[in-house]
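Remarks on the structure that follows.
Just so you know, all these numbers are worked out from the coordinates, no wet-lab data involved. Worth saying up front: this structure is predicted, and the values here are computed from it rather than measured. Virtual Cβ from ideal backbone geometry, glycine too; neighbours counted across all protein chains shown.
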Amino acid sequence: MSARRLTAAELTTLPAEISRPGHDRSGPAGIVHLGLGAFHRAHQAVYFDDLMAQGETGWAIRGASLRSSRVARQLNPQGGLYTLAQRSGDDTRLRIVGSIRDVLVAPHDPGSVVAVLAQPDTVLVTLTVTEKGYHLDPGTGRLRMDDPVIAADLERPDRPVTVPGILTAGLAARRASGLRPFTVLSCDNLPENGPRTRDAVLGFARRVDPALAGWIESEGAFPASMVDRIVPATAPEDIDWLEAETGYRDEAMVKTEPFSQWVVEDKFCHRRPPLERVGVQMTEDVAGWERTKLRLLNGAHSALAYLGALAGHGRVHETMAAPGFEAFVERLWDEAEASLDTPAGFDSRAYRNALKRRFSNAALNHSLVQIAMDGSQKLPQRLLATLRDARKAGREVPAVETAIAAWMRWQFGEDERGRTFTVDDPLAADTAAAVQAGAGDARAIARALLSVGSVFGHDLQQDAGLVGRLASRLGGLTTEGAATVVRRLAR
């Protein structure tokens, strides 16, 4: 006999140690979230659940999946309910989150998403669509007008499937109805994610209707934010474990760590959620927090992903425990921190020690391959920004260069044991062509990859010294292996 599915009717039968939603779930939904994946369920949705538990109303969420119906199939039969498993060491705490109402599937019915955006109750749209979901050129930050899906949305703006197209269509519908625009709050790991989202929407809107673009520019708001919580992908065995522990089946469960941080620019054009009441830091300037997190946490994560996977590891905590890797990460942090103007009150040593504990949390079982995905979109803000600042200051950054070379080695699509794998990246065809063009020569491969302008721009390939160093580091990774290279750089 199969276990019963998690639903609202099952809440009263759950074990007492499982926390339940502490608010009325029948009130209006003021938020639409685009890109309803595990991160949103473990981060923003929890803050809004806490906010409504304090008596605030109108902050329920209607989600929209932009790629497939999988999340809708997980959440809709459960009435939007799901389990958050917070894990650290041997301790696991379970909580049912009730802030999400339902999930729409944009590719199947884009009109339904636009209709929800146009409803008067909708005052805030949040985004976790990953870097590639914005369709921005990683090098320039501009909307890629030559992107086939952007071009298709411009041909049929009433049935959009991209984030810029969907937001523009929703704002156009509100303007036509005499409603104020909603605030658009990006929660993705992009530098200046608010301004970039604004530029993407305005770039799209100007092609559709210049008057609409002017209205969005003068009346809308696109605050920046910084989000921080490690959320590994949920595996089938996690769902089976939860069922064995609790007696119910939850296809939408997510797992995460105890740590959570959200810093939000206090710039809204419509009703503003009092997020400071639930621990969100509202500020006039997110940039310092954003750069610090991208270059320290995310930069180290990417370095661990490529170097660790090449060395034969599968998980972050395993990599941190391997000889030399923790010391290598410390060296990378030294290099990155030298390029940062950290925010007031930032305690570097405490932050770095906390990151080491978080990276070493074996209960998360965080996959390196998950972090390695979409590397071309992540590299500019996580590692190349530090490299460029160091070049300007005349500083050497061997650990950062090694991490970049490891990304180059990853583009081979073959590990150190000769096993092939798929490079999961929107520019995989471009990087594969660059590797092939190099014909096995490290310097030629490094130069060819540096010529992928949407990742590296056009300045780095002109630096003969940098090309030589990256070629040397790539050659070392190819001939000696990642574990040996890391141990040599460990201090």
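Inter-label distance, Lys356 to Ser112: 5.0 nm, where each label sits 7 Å from its Cα along the C-beta direction.
The calculated FRET efficiency for the pair Arg156 and Glu326, based on their C-beta separation and a Förster distance of 56 Å, comes to about 0.60.
Say a paramagnetic label sat at a point 7 Å from the Cα of Ala433, along Cα to Cβ; which residues of the stretch 439-474 have their backbone N under 13 Å from it? Of the residues in the stretch 439-474, 449, 451-454 have backbone N under 13 Å from the label point off Ala433. More than 35 angstrom separation, counting every C-alpha pair in the chain; what % is that? Of all Cα-Cα distances in the chain, 34 percent exceed 35 Å. Could you work out the local net charge near Gly35, counting Lys and Arg as +1, Asp and Glu as -1, over the other residues with Cβ closer than 12 Å to its Cβ? Around Gly35, the surrounding residues sum to +1.
Using C-alpha pairs below 8 Å separated by at least 6 residues, the relative contact order for the stretch 188-320 is 23 percent. The equivalent ellipsoid that matches the C-alpha gyration tensor of the stretch 213-255 spans semi-axes of 41, 13, 8 angstrom, in descending order. Here His458, His40 are placed in order of increasing Cβ neighbour count within 10 Å, fewest first, which gives His458, His40. May I ask you to work out the translational diffusion coefficient for the stretch 68-147 at 37 °C, viscosity 0.692 mPa s, via Stokes-Einstein with Rh from the Kirkwood sum over Cα pairs, reported in whole µm²/s? Estimated diffusion coefficient is 206 µm²/s. Pairs of alpha carbons in the stretch 4-283 separated by more than 24 Å make up 48% of all such pairs. In terms of distances greater than 31 angstrom between alpha carbons, the cross-link table entries Lys255/Lys392; Lys267/Lys392; Lys132/Lys293 yield Lys255/Lys392; Lys267/Lys392. For the pair Ser26 and Glu217 in one chain, pulling the backbone fully straight at 0.36 nm per residue adds 65.4 nm over the alpha carbon distance.
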